[in-house]
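Each value in this text was obtained by applying a stated rule to the coordinates, not by laboratory testing. All values reported here derive from a predicted model rather than from experimental measurement. So basically every Cβ, Gly included, is an ideal-geometry build from the backbone, and we count neighbours across all protein chains shown.
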Amino acid sequence: MKTTLIILSIALIAFLFKAQPKDPSVDFSKGKWVVQYNAEFNKSNDYKWKQIPTARYHYIDLDKYPEFKKSSKIKTVPTIVLYYNGKEYKRYEGNLLMQLNIPQYEIIRNIQR
């Protein structure tokens, strides 16, 4: 009986943690956003930011939040998407080596438009 209660308790706790919303609770609907989508296995190819003027930055790990792969139409990692008031206006996708070979100044130029 005690073992059964322990197993049920563990199952309930696991269910409750899984039931938590997976959205990183970021509202892209206001202002300019730079969102980088990547995965843990490709961490070495994260795009390194020096500074992002006039925009907010958010990183989404697709291993932790896999539902964003489909909802954000991510085909490869890393992918950087620029949003303005909730609408995508520019997308940069990694190449076959899963690297993003776009100069940072080009992305910043598009942010400032």
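Miscellaneous remarks
- Qualifying residue in segment 59-72 (condition: at positive phi, touching a residue at least 12 places away in the same chain (Cβ under 8 Å) and in contact with a strand residue (DSSP E or B) (Cβ under 8 Å, 6 or more places away or on another chain)): no
- Subset of segment 30-69 that is more than 9 Å from the chain's Cα centre (by Cα), among the hydrophobic types (A, V, I, L, M, F, W, C) and assigned to a loop (DSSP other than H, G, I, E, B) - its residue that is nearest to Leu100 (Cα to Cα): Trp49
- Test: Tyr83 is more than 14 Å from Trp33 (Cα to Cα) and among the hydroxyl-bearing types (Ser, Thr, Tyr): no
- Enumeration of residues in segment 70-107 that are outside any loop (DSSP other than H, G, I, E, B) and within 13 Å of Lys48 (Cα to Cα): Thr79, Ile80, Gln104, Tyr105, Ile107
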